[in-house]
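Student: I'd like to ask some things about the structure below.
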Amino acid sequence: MLKLIKREELYLSGYKEYCKEFHENNITYFCPTNPNAIDGNWFEKTKEWYDKKELGLIENQPKTLYFWAVDENNFIGEFQLRTELTEDIINGIGSVGYSVRITEQGKGYGQNILKQGLDIAKKKGLDRVLLNINELNEQSIYVTEKLGGKLMDTIQTYNKVEGNHLMRRYWIDL
């Protein structure tokens, strides 16, 4: 059964494989950690940064809660929740991000991760969340709309990884 958990070193090898799948498939609308940077000490080396990020203690970075999606002992994906709406979040990454590893897509995990993540957002006191989705990411658009996402607009945007692209912005009321 799929569950969202706080990051755990136990799932590090699965996380590395997940990252490797995205990099090998040249997925540009979502870029997890470069798998070459993940070694046996990566979890411990990054723990303090993630802890500070979750507390909102990193300057010019939004407070972000991180969860890994696991099914039994298998790493499936991740979920991120930004609890404050800033202009950068509204026009950039959105308040919610989620992903499913390439080899596990098409099995309903995306919908399950997002649904559980929306429950977390509600428990954190949010009444709605914003998902900003590259127009090429048809799977995420489908899942978002299925879970009640209402299209706010589509904007032309730019970032270093994706270049110029169209981004759909969806609100989901909780």
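Student: Among the listed residues PHE79, PHE75, identify the single one that is touching a Leu at 6+ places or on another chain (Cβ under 7 Å), aromatic (Phe, Trp, Tyr) and either part of a strand (DSSP E or B) or farther than 23 Å from ASN60 by Cβ (or both).
Tutor: Within the list PHE79, PHE75, the selection yields PHE79.
Student: What are the pairs with Cβ atoms under 8 angstrom where one residue, in region 128-141, is of a type in the set (Lys, Arg) and the other, located anywhere, is part of a strand (DSSP E or B) and surrounded by fewer than 18 Cβ atoms within 10 Å (Cβ to Cβ)? Sequence gap at least six, or different chains.
Tutor: ARG128/TRP171; ARG128/ASP173
Student: Another question about this same structure. Quick check on my filter: what residues within region 35-72 are more than 15 Å from CYS19 (Cα to Cα) and aliphatic (A, V, I, L, M)?
Tutor: LEU55, LEU57, ILE58, LEU65
Student: When you check GLY149 against the structure, is it within 16 Å of ILE113 (Cα to Cα) and either surrounded by 15 or more Cβ atoms within 10 Å (Cβ to Cβ) or at pLDDT 95 or above (or both), yes or no? Show your work before the answer.
Tutor: Details: within 16 Å of ILE113 (Cα to Cα): yes; either surrounded by 15 or more Cβ atoms within 10 Å (Cβ to Cβ) or at pLDDT 95 or above (or both): yes.
Answer is yes for this residue.
Student: Continuing with the same structure: Applying the selection to region 1-25, what residues are within 17 Å of the chain's Cα centre (by Cα), loosely packed, with under 15 Cβ neighbours inside 10 Å and in a loop (DSSP other than H, G, I, E, B)?
Tutor: Answer for region 1-25, where residues must be within 17 Å of the chain's Cα centre (by Cα), loosely packed, with under 15 Cβ neighbours inside 10 Å and in a loop (DSSP other than H, G, I, E, B): LYS6, GLU8.
Student: Could you count how many residues in region 96-131 are in contact with a helix residue (DSSP H, G or I) (Cβ under 6 Å, 6 or more places away or on another chain) and not in a helix (DSSP H, G or I)?
Tutor: 5
Student: Something else: In contact (Cβ under 8 Å) with a residue 12 or more places away in the chain and either outside any loop (DSSP other than H, G, I, E, B) or not hydrophobic (A, V, I, L, M, F, W, C) (or both), is that true of VAL161?
Tutor: no
Student: Follow-up. ASN41 fails exactly one of the following numbered conditions: (1) in contact with a helix residue (DSSP H, G or I) (Cβ under 8 Å, 6 or more places away or on another chain); (2) surrounded by fewer than 12 Cβ atoms within 10 Å (Cβ to Cβ). What is the number of that condition?
Tutor: Exception for ASN41: condition (1).
The values are calculated or read from the model by the stated rules, or taken from the named source; none is laboratory data. This one's a predicted model, so the numbers in the text were calculated from it and none came from an experiment. In this analysis, Cβ positions are derived from the backbone assuming ideal geometry, glycine residues included, and neighbour counts consider all displayed protein chains.
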